[in-house]
1. Look through Val168, Val209, Val230 and report the one residue that is touching a Cys at 6+ places or on another chain (Cβ under 7 Å) and either β-branched (Val, Ile, Thr) or in contact (Cβ under 8 Å) with a residue 12 or more places away in the chain (or both).
2. Going through the range 119-150 one residue at a time, which ones are surrounded by 14 or more Cβ atoms within 10 Å (Cβ to Cβ) and touching a residue at least 40 places away in the same chain (Cβ under 8 Å)?
3. Touching a residue at least 40 places away in the same chain (Cβ under 8 Å), more than 30 Å from Leu174 (Cβ to Cβ) and open to solvent by 10 Å² or more (accessible area, probe 1.4 Å): does that describe Arg223?
4. Does the range 24-33 contain at least one residue that is closer than 21 Å to Lys193 by Cβ and among the β-branched types (Val, Ile, Thr)?
5. Select from the range 21-40 the residues that are aliphatic (A, V, I, L, M) and outside any loop (DSSP other than H, G, I, E, B) and write down the one among them that is nearest to Ser81 (Cα to Cα).
6. Checking Arg87 against (1) touching a helix residue (DSSP H, G or I) at 6+ places or on another chain (Cβ under 7 Å); (2) at pLDDT 90 or above: exactly one of these is not met. Which one?
7. If I ask for residues that are open to solvent by 50 Å² or more (accessible area, probe 1.4 Å), of a type outside the set (Val, Ile, Thr) and assigned to a strand (DSSP E or B), which ones from the range 243-296 would you list?
8. Which number in (1) more than 23 Å from Glu42 (Cβ to Cβ); (2) of a type in the set (A, V, I, L, M); (3) open to solvent by less than 40 Å² (accessible area, probe 1.4 Å) marks the one condition that Ala160 misses?
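The values are calculated or read from the model by the stated rules, or taken from the named source; none is laboratory data. Every value quoted in this text rests on a predicted model; they were computed, and no experiment measured them. Cβ placement follows ideal geometry from the backbone for every residue including glycine, while neighbour counts extend to all protein chains displayed. Protein only, heavy atoms only, side chains kept; ligands, DNA and RNA dropped before computing areas. Shrake-Rupley method; radii C 1.70, N 1.55, O 1.52, S 1.80 Å.
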Amino acid sequence: MKTAKPAQSPLEIRDLVKSFRTGFLQSKKVTAVGGLSFSLEEGEIFGLLGPNGAGKTTTLKMITGLIFPDKGEVKIFGHPSAEVKARARIGFLPENPWFYDYLTAREFLRMAGGIFSLRGPALEKRINGLFDQLGIAHAADLPMRKYSKGMLQRAGLAQALINDPDLVIMDEPLSGLDPIGRRELREIILGLKARGKTVLFSSHILSDVEEICDRVAILARGRLREIGSVESLLDMGTNGAELEVGGDPERIGAIADTLALEWVRSMTGGRVIISADADTATVLRAFLDAELPILELKRHRRSLESIFVAQSEKAKKEA
């Protein structure tokens, strides 16, 4: 009986290093990415976070082959990224995609499809399906110079999806979109995951990252500072919780005093402050046994923003 081969990681990067020459006569050497390593799991949404100059775009360009690393390697589904069969399985949406303004979106996608040897009825079916999926079918035959920012972003994403890639890479896809456009693009990204695709994208919009990403990596000054699931990162450094309890404030206060916990009166009864060293389950049981309704339990957790800022500040001090 043959054993199934283990699935290859959609993306694996090891010890990536990239430096650029800047300044007068390019005499100064600046390291944009310094020894970066991480891998993706199949079917996940992975967020690459970091302040301006952290190395996010440089990393994505090395992954897609737009620039080459000074050191390190990139593998896509187990193959070196330079191989045609590896690149054929990825789609890329750059931060500021450039279009031929005089082309319609349909003409543009026909050109993009030709790069992957897609032609004829199969290509037309694929294009029409993408127009419907991305909500721009009504503008498919308009010159793209008449498109709004959101429509151009959708046309760019259609280009990235024309070859039905297994790994979709996007650089700041939510930047510049209004709240409705961001919500619709989040739904599109979640739809890709539902189809088994792997998505890697960079973003500054941390609320969107927190909402849809399975895992995130935080870069600062070209180095990896944090990596893990959103839940695990937010749970690091938790410091207790707040419990909103309904009913008689005097009874609530008596139980809180017995448990040596702080509490304050509230409109509904009392808000109990659960310390980090307290057993939350024991606190909950005490109020439930007293037949006092639990209205809300809110853990004190870090936000992605606080982690982002802390790691950026730490990187500055180390520089």
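1. Working: Val168 fails: touching a Cys at 6+ places or on another chain (Cβ under 7 Å); Val209 fails: touching a Cys at 6+ places or on another chain (Cβ under 7 Å).
Selected residue: Val230, the only one of Val168, Val209, Val230 that is touching a Cys at 6+ places or on another chain (Cβ under 7 Å) and either β-branched (Val, Ile, Thr) or in contact (Cβ under 8 Å) with a residue 12 or more places away in the chain (or both).
2. To start, the set of residues in the range 119-150 that are surrounded by 14 or more Cβ atoms within 10 Å (Cβ to Cβ) comprises 123-124, 126-131, 133-134, 136-137, 139-140, 142-144, 147, 150.
Across the range 119-150, the qualifying residues are Gln133, Leu134, Pro143, Met144, Tyr147.
3. Numbers: touching a residue at least 40 places away in the same chain (Cβ under 8 Å): yes; more than 30 Å from Leu174 (Cβ to Cβ): no; open to solvent by 10 Å² or more (accessible area, probe 1.4 Å): yes.
Judged against the criteria, Arg223 is not a match.
4. Within the range 24-33, the subset closer than 21 Å to Lys193 by Cβ is none.
No, the range 24-33 has no match at all.
5. Here is the first cut: in the range 21-40, the ones aliphatic (A, V, I, L, M) are 25, 30, 32-33, 36, 40.
Filter again for outside any loop (DSSP other than H, G, I, E, B), leaving 25, 30, 32-33, 36.
Numbers: Leu25: 32, Val30: 25, Ala32: 20, Val33: 18, Leu36: 16 Å.
Checked the range 21-40; the qualifying residue nearest to Ser81 (Cα to Cα) is Leu36.
6. Condition (1) is where Arg87 drops out.
7. Once the filter is applied, which keeps residues that are open to solvent by 50 Å² or more (accessible area, probe 1.4 Å), of a type outside the set (Val, Ile, Thr) and assigned to a strand (DSSP E or B), the range 243-296 yields Glu262, Trp263, Arg265, Arg271, Leu295, Glu296.
8. Going through the list (1) more than 23 Å from Glu42 (Cβ to Cβ); (2) of a type in the set (A, V, I, L, M); (3) open to solvent by less than 40 Å² (accessible area, probe 1.4 Å), Ala160 breaks only (1).
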